[in-house]
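In what follows, a single structure is set out as structure tokens and then discussed.
The values are calculated or read from the model by the stated rules, or taken from the named source; none is laboratory data. Values in this document were obtained by computation on a predicted structure and should not be read as measured data. In this analysis, Cβ positions are derived from the backbone assuming ideal geometry, glycine residues included, and neighbour counts consider all displayed protein chains. These accessible areas exclude ligands, DNA and RNA; they are computed on the full protein's heavy atoms, side chains included. Shrake-Rupley method; radii C 1.70, N 1.55, O 1.52, S 1.80 Å.
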Amino acid sequence: MSAAPVPTRGRTDMLRLRCPHCGLRDEAEFRYRGDATQLRPAGSAPREAFVHYVYARNNPKGWHVEWWMHVAGCRAVLRVVRHTVTHEIHSVTLPQEPVDVPGDVR
Amino acid sequence: MTGPTRIGTGAFIDDTQRVSFRFDGRVYEGRRGDTLASALLANGVTVVGRSFKYHRRRGIYTAGPEEPSALVTIIGPYGREPNRPATVTPLDEGLVVESQNRWPSLAFDAYGVFGALSRFLPAGFYYKTFMWPSFAWERLYEPLIRRAAGLGRLDHPPRSAPSPETQHHHADVLVVGAGPAGLSAAAMLGLAGLRVILADQDAHLGGGTLLDADWQSWRTQMLARLAALPNVRLWPRTTVIGAYGHGVYGALETRAGTQPGSQTGHLHVVRAASTVLATGSVERLIAVPGNDLPGVMLAGAALRYLVGHGVCVGNRIAIFTNNDDAYATALEYRRRGIAVEAVIDIREYSPAADRARGAGLTVYASAKVESILGRHRVSGIKVRDRSGQALTLSVDGVLLSGGYTPATALATQLGAPLHWNSPIAAFIPDLAPSLGQVAGSAHGVCGLAAAATDGLSAATHVLSAFGIAVSEPPDLPTPPNDQPRGDLEPCWEVPGRGKAFVDLQHDVTTADIRLARREGYEHVEHMKRYTTHGMATDQGRIGGLVGQAVLALARGIDVAEVGQPKARPFVEPVPFATLAGGESGEHFKPRRLLPLHDWHVAAGATFVTAGLWMRPLVYSQDTGWSAVLSEARHVRREAGITDVSSLGKLEVAGSDAAAFLDFVYANTMSTLPMGRCRYGIMLREDGILLDDGTVARLGKDHFVLTTTTVNATAVLDHLEFHRQTVCPHWDVTISDVGDHWAQFAIAGPLSRAVLSEVVDQTDLSNEAFPFMAVTGITIAGIAGRLFRISFSGELAYEVAVPARHALTVWTRLLEVGTPLGLKPYGLDALNTLRIEKGHVTGAELNGQTTAGDLGLGRLCKQTADYIGAALVQREALQSGDTRLELVGVKPVDSEQRLRNGAHLIDPDTDDHSLGFITSSTPATEQVGWVGLALLRGGHARRGQRLLAVSPVHGETCAVEITSPHHLDPENARVRA
Amino acid sequence: MKLLPKRSRPRRSSGTDSGDYSLFRLLREGLVGHRGWRPAWHKAEPRARYRVVIVGGGGQGLSTAHALATQHGISDVAVLEKGPIGLGNVGRNTTIIRSNYFHPDNVRFYEHSLKLWETLEQTLNFNGMVSQRGTLNLFHTEAQRDLFTRRANGMRLLGIDAVALDRKEVKALVPRVDLDHGRFPVLGGFLQPRGGTVRHDAVAWGYARAASRAGVDIVEHCEVRRVVSERGRVTGVETTQGFIGADIVCLAVAGHSSTLASTAGLRLPIESHVLQAFVTEAIKPVLDVVLTYGAGHFYISQSDKGGLVFGGPIDGYNTYGQRGTLPVAEEVVAAGLTLLPSLAKLRILRQWGGVMDMSMDGSPIISRTPLEGLYLNGGWCYGGFKAIPAGGVATAHLIATGESHAIAKHLDLDRFADGRLIDERGAGPYPWAH
């Protein structure tokens, strides 16, 4: 008899983030602030650049670089690389630190 | 005598302790340690409920939470608790229980007519009818359907059951299931020094070993070893209901209450680095016609009732099986002297059958049960033997065993794919090692000894993931050997005449599944939704795979390919009170209290909820306008003091603080002189107003900001976010000091006089301390700050002192001020004052308005960059007829009142709504009401007459459009 | 990528159930063991080319196909669904229909949908159990009361039903509500009497059956991998069953709008978020109306089978995971228990999630896109189910005529750049806040 695996989705749901200052903390301590790949244009940039900054999103099904703020802790804004299907956390860094994204990045 | 009865004692019961209980009004007796189900069986009760759709008689089918049929209502101190499986309800003295889903009684159920009409009520019948006449659905059909649907009834008791607090735990490994695999894994992990939690849904730990006499010694020793380990916690009666990822699990513990029927569910949240899922497997039924008759049960359940409770399910039973495990039941029945008419085995040969024959049992090999006979309960079976001959056997109990299906719910919640395992004819999970291990029959390991070994193997893998090497096997009791086993042979259904059920609660038959396929609902998920198979309270645990197999057969494909419907939390249904975890009712959200809360209470204030804050609304228990207007008028004529401590307060400091404020505010702050305040507006990046407040400059690099109460959190986040991600290299720090400071507004023509008496050595004359000034002060001996700002439109100040000194300063102010005319006023009066003045609050600054809409456009910087600068210039945000702009409104007839939420319409055009009234109040210094509104093209409509209409209240009021500043538009009073 | 021989001529829907559903037929079939029923919709093999390809066999996609075929005479249409139809958000929502919105354009749109719901069963000849027992929104502060007053008056001025209820009337309608002992006492409520619920699976199946009978090809297990274009114009889609050519491609895959759009080089003002929903064990009737709590995001109704269906806010972070966290579940349940304390002993059976297209202003998108021939029906946030009839009508109109339907002009994609946002909540360009 064939034994094709029955795929199931959504491996992990409950987030815990390793804050660089405070350690491994529950998601409930953090507040999400969206896509971290959209950087604010210079003040002199054309309006269209601001339209993209504010509204256009990659919204990838895969690795996502995003902001989380540790509101119930040190209040640091953290850049998290998280997979939007499995919720696996690849890295948590401060905004000024370099970040790498596994696999494809858009 | 036929039917179930108690023939002796059992391992779980104390024969000496009698327990009496009531079922459907009749009193029965059981033993301590019985479940409600075992006690009912002991008393010969075979029918305990009616099925959902056809109202067929239902008996007790299993001995665990997978029970589909024996659902009862417990009558407890907090009212009825419906849909409880009798199989897991412990028997307490005085327990009162009712059967469900029948009227007027279990024996004579009028709804049984549905059963008689069942041929016209197959799966999905309701999609094909009830459409005509079109009005009849809501008036006639639906009310009838709703009344017939549902199982138990839920009371509305005067006192609600308490909601126990959720507890949180940490562990290295969560072992789920205390069968041989789980016990072994937990012991090995515990001996290695890891923190282990071992949870099992059963009150008795041991899983399959509980029912095998050979295993008692091993089980007892293992439990003693585990209990002796301080790093191992044993959690019986605890079902792990969800695996949420990142090491987080939810578990439901059932604790007995102090009164019968008062058991409660407690939620435990466990954070564990790894897990061993030794969740075992659940026996499944065989879809043979008549398999829902009372007197039919699963073989493993019958064994548990006999071994655990001394209860036999019939006096003359037959067993229909495709596997070796069911023979344990046959042998035990024989040992206890109960007639086993026959074992019907579809297989040609097996070692268990041999052993059974050796013990004197009749075994029909290569045979099948073609139908189960009986009218209201089992009376016999029709067997087709290997030669094709049909025989009828007289029995009063039929035990089915179609195999064991691994409990994979937690593994699939963790994303483990499922693979078909032919030897057990079921799916097993493939869990990623980084998440944990599956052990024992949960992934197809057959036999108790094999499971124990597998548990040790799982523990070894977990230990290695922790970096702990295992050099020698742990010093644990040796388990007995498994007897030789034969393979199972898949047997899903025996086709034939008569209803063969795959879902006993929802009355889903094999015919329904074939019908679903005929109609194109042939994907397993469509079949499930169309037939509702597996969607009942038992979630299809004993019949799910059987139904899926029937679907596969109908489609002509392998069972392995038909797939599985999604397994969703919860593994066991969870009560509302449990999941709420004590944070409901009064405790749903915290209360934030002002530093002066107690004073306001003592002063007789009525409070209002503003977000999470409790703020004094008016200092009176009369909440009508007269008390509010009295307070407001007193401010305008003399002086008032109000508590504004809930405002957001931020200290912004650093050599780039001024530049930062220029960036976050639409107006310019860097030009603010020291010792001065400025009204500030912040935009979102899309150009819409975010918040307004004040900025005070206390030093070259030191500013104090206030925000509105409601937006304090949002603004702080907004500033922090931009500071850390957009301007990270600027020298600026932001501190949230909202709770550090108490702040009071003192307003009115006499406010200067009052403050001069209380504030030490500060010249408060208009020349020395003009409008919008700020300075440090000493007041009542306390160092604080004084701002001259006005929300009310009168001469006004705000005093800020450290919160712990609030009472001292407030009391002093009133002590000195009351003889001078000072009185406290609340939020309602403050609102009246600001509306007259035309100051905006969240009603106008509502997340949809621009600065220009509110008449503040001139404040926005024209050339420099700031948050919102680019997009605020978009054409759609510019003033004009499309924008809702801030205006004042006044009724033409001063006797008429205004209502917030009334819309403004022009009776002469066919436009519907032109806008709406946002804030309104009776005026303090004129007759009649005044208000603010957002009106399409409002800036250009001054002087127009429109209608304010509120159709929901049946009100119409002619209004005049005015300036929003109803009072002192030149600001003479605030500059006095 | 499987390569199948392509047929070039439309195949008639042979083998499907061509008869009408009715009580008479049900009784007749009951006498013969129900052997006469046939598949409710034809599971088509895809052709090489269609005039219109609709990506997504959920409520919006099937409704659009149905409207194209029955209102515009365009049946050269394929609905491509990556799995079996109707298992996305249409099969996961909490089944509420209503038209109580703030923005007049939204009110008109959702009211158009509500009117279509009222005759849908007759239109589709499929009992969707459209049940208009009322939706009741509770309020707990005067500010909320004012907001709801404004909304209700806006509806009434457009001729739509909205009623203000005081505390006594709320209690009469929902006897089990606790007005006083919760953290936020109830001050009153606003009722839309014509709001209610619909059986969600029936909607997908009913539209599929009707569209199939009208000649539309419904192709299941056909996942679109890429939108294909040439010189700024759409030419078709690449699927797991090969390339399918099309003059027009319409994306109706809310939850995955960004994923599909990105294959056409487009970035949308959308983030995908999870919305959790729950159902309890079935009990005898305790709640007639759809009830929403004003002091926490929570809504609940009782299905015809007896289970209470309820939900709360989105979890609040980008995800395609279709399941939410435990703390959100706990908070939703705590809100429910605060509102209806007698639910304490009622057991919750299942929790699940769907992936929402959360747009930057909280309102949906029915629009052409910068790519010629590519249309978007998405951005539904958590309001897509109630909009299925109108969304399909409006999308079909746009596709067939090239012009926006009068009820959906405001839902164009350009509104974000232009600043014509339809932000009901005033929450701003933060999808997680809507």
- Task: Figure the gain on full extension for C:D166 and C:T401 (residue separation times 0.36 nm, minus the Cα-Cα span) and round it to one decimal in nm.
- Result: 79.9 nm
- Go through region B:672-679 residue by residue and turn each phi into a ³J(HN,Hα) via Karplus (6.51, -1.76, 1.60, θ = phi - 60°); whole Hz please, and just put x for glycine and proline. 5, x, 5, x, 10, 10, 8, 6
- Message: Just to be sure I understand: with springs between alpha-carbon atoms less than 10 Å apart, which residue in C:I283, C:I422, C:I218 has the highest mean-square fluctuation in the Gaussian network model of chain C?
- Response: C:I283
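Averaged over its residues, how many other protein chain Cβ atoms are within 10 Å of peptide B:412-420's Cβ atoms? Before the final figure, lay out each step's value.
On the way: counts 5, 6, 5, 11, 4, 6, 6, 4, 6.
Average per residue, whole number: 6.
What ranking do A:83-94, B:537-548 get when scored by the average of other Cβ atoms within 10 Å per residue, highest first? Write out the running numbers ahead of the final one.
Numbers: A:83-94: 18.7, B:537-548: 25.9.
Highest mean packing first, the order is B:537-548, A:83-94.
So, for the protein assembly as shown, what is the accessible surface per residue at a probe of 1.4 Å, expressed in square angstrom?
35
Could you please state how large a percent of the accessible area of region B:643-747 is carbon and sulfur, counting protein chains only and using a 1.4 Å probe? The partial results should precede the final answer.
On the way: 1690 of 3060 Å².
On region B:643-747, the fraction of accessible area on carbon and sulfur atoms equals 55 percent.
Inside 10 Å of the C-beta atoms of B:710-718, what's the mean count of C-beta atoms belonging to other chains? Don't skip to the end; give the middle numbers.
Numbers: counts 1, 0, 0, 2, 3, 0, 2, 6, 1.
The mean count of partner-chain Cβ atoms within 10 Å per residue comes to 2.
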- Message: With +1 on the Cβ of every Lys and Arg and -1 on the Cβ of every Asp and Glu, and nothing else charged, how large is the dipole of region C:273-417 about its Cα centre, in debye rounded to the nearest 20?
- Response: 460
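Calculate the dipole size of region A:16-93 relative to its Cα centre from +1 charges on Lys and Arg beta carbons and -1 charges on Asp and Glu beta carbons; express the result in debye to the nearest 20.
100
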- Message: Check which residues have an amide H placed less than 5 Å from B:Q437's amide H, if you skip close sequence neighbours.
- Response: B:T275, B:V276, B:L277
- 10 Å binning of all Cα-Cα separations within the protein assembly as shown, expressed as whole percents from 0 upward: 1, 7, 14, 19, 19, 16, 11, 7, 4, 1, 0, 0
- Once amide hydrogens are built 1.01 Å from N within the peptide plane, the residues lying 5 or more places from B:K890 or on another chain with amide H under 5 Å from its amide H are B:E960, B:T962
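Mind listing which GluC sites (Glu not before Pro) in region B:713-809 are in a DSSP loop and have 13 or fewer other Cβ atoms within 10 Å? Walk me through the intermediate numbers first.
Details: sites: B:E720, B:E757, B:E767, B:E794, B:E798; in loops: B:E767, B:E794.
When the GluC sites (Glu not before Pro) of region B:713-809 are filtered for loop state and at most 13 Cβ neighbours within 10 Å, B:E767 remain.
Counting other Cβ atoms within 10 Å, keep those with at most 15, restrict to DSSP loop, and tell me which GluC sites (Glu not before Pro) in region B:48-137 are left.
Values: sites: B:E66, B:E93, B:E98; in loops: B:E66, B:E93.
Counting only loop positions with at most 15 other Cβ atoms within 10 Å, the GluC sites (Glu not before Pro) in region B:48-137 are B:E93.
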- Note on the structure: GNM on chain C, Cα springs under 10 Å; top mean-square fluctuation among C:L275, C:L287, C:L349 goes to C:L349
- Would you work out which of C:S367, C:F102, C:M155 lies farthest towards the positive end of the dipole of chain C? Charges go on Cβ: Lys and Arg +1, Asp and Glu -1. C:S367
- Message: Report the C-A buried area as the accessible area lost on both sides summed, probe 1.4 Å, in Å² to the nearest 100.
- Response: 2500
- Message: Calculate the FRET efficiency for B:T258 and B:D15 from the Cβ-Cβ distance with a Förster distance of 35 Å, rounded to the nearest 0.05.
- Response: 0.90
- What is the distance, in nm, between label points placed 7 Å from the Cα along the Cα-to-Cβ direction at B:E489 and at B:V892? 9.5
- Task: Note down the accessible area of B:I557, probe 1.4 Å, to the nearest 10 Å².
- Result: 50
- Sort B:W132, C:W37 from largest to smallest accessible area, using a 1.4 Å probe on the heavy atoms of the protein chains. B:W132, C:W37
- Message: Given points 7 Å out from each Cα along the Cα-Cβ axis, report the B:V27 to B:E348 separation in nanometres with one decimal.
- Response: 6.1
- Task: Work out the length of the dipole vector of chain B about its Cα centre, built from +1 on the beta-carbon of each Lys and Arg and -1 on the beta-carbon of each Asp and Glu, and round it to the nearest 20 debye.
- Result: 2340
- Item | Accessible surface, 1.4 Å probe, highest first, among residues C:L62, A:L24 | A:L24, C:L62
- Item | Spin-label model distance (nm) - A:H21 vs B:T956, 7 Å beyond Cα toward Cβ | 6.1
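Can you tell me the FRET efficiency between B:A603 and B:T713 if r is taken as the Cβ-Cβ distance and R0 is 35 Å, rounded to the nearest 0.05? Intermediate results must be reported in sequence, preceding the final value.
Working: r = 29 Å, r/R0 = 0.82.
Computed FRET efficiency for B:A603 and B:T713: 0.75.
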- Amide H to amide H, which residues 5 or more places from B:V72 or on other chains are under 5 Å from it, using H placed in the peptide plane? B:N83, B:R84, B:A86
- Could you pull the Cα extents of chain C along its three principal axes, largest to smallest, in whole Å? 68, 62, 42
- Task: Provide the percentage of antiparallel DSSP beta bridges, counting only those with both residues in chain B; round to the nearest 5.
- Result: 75
- Item | Computed FRET value (nearest 0.05) for B:K861 with B:A768, which takes r as the C-beta separation and R₀ as 25 Å | 0.20
- Query: Of the residues C:L291, C:L251, C:L187, which exhibits the maximal mean-square fluctuation in a Gaussian network model of chain C defined by a 10 Å Cα contact cut-off?
  - Reply: C:L187
- Query: Nearest-5 percent of antiparallel DSSP beta bridges in the protein assembly as shown?
  - Reply: 75
- Query: What is the gain in length, in nm to one decimal, between B:D622 and B:T808 on full extension, counting 0.36 nm per residue of separation less the C-alpha to C-alpha distance?
  - Reply: 64.1 nm
- Chains B and C: accessible area buried, summed over both chains, 1.4 Å probe, nearest 100 Å², reads 9700
- Backbone HN-Hα couplings from phi across region B:745-754 [Karplus 6.51/-1.76/1.60, Hz, Gly and Pro as x]: 9, 10, 10, x, x, 8, 5, 5, 4, 4
- Accessible area of region C:280-434 belonging to carbon and sulfur atoms, whole % at 1.4 Å probe: 52
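Percent of accessible area on region A:16-93 owned by carbon and sulfur, 1.4 Å probe?
Values: 1460 of 2930 Å².
Whole-percent figure for carbon plus sulfur exposure: 50.
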- Query: Using θ = phi - 60° and the Karplus curve 6.51 cos²θ - 1.76 cosθ + 1.60, what whole-Hz ³J(HN,Hα) does each residue of region C:165-170 get, with Gly and Pro shown as x?
  - Reply: 10, 8, 4, 5, 5, 4
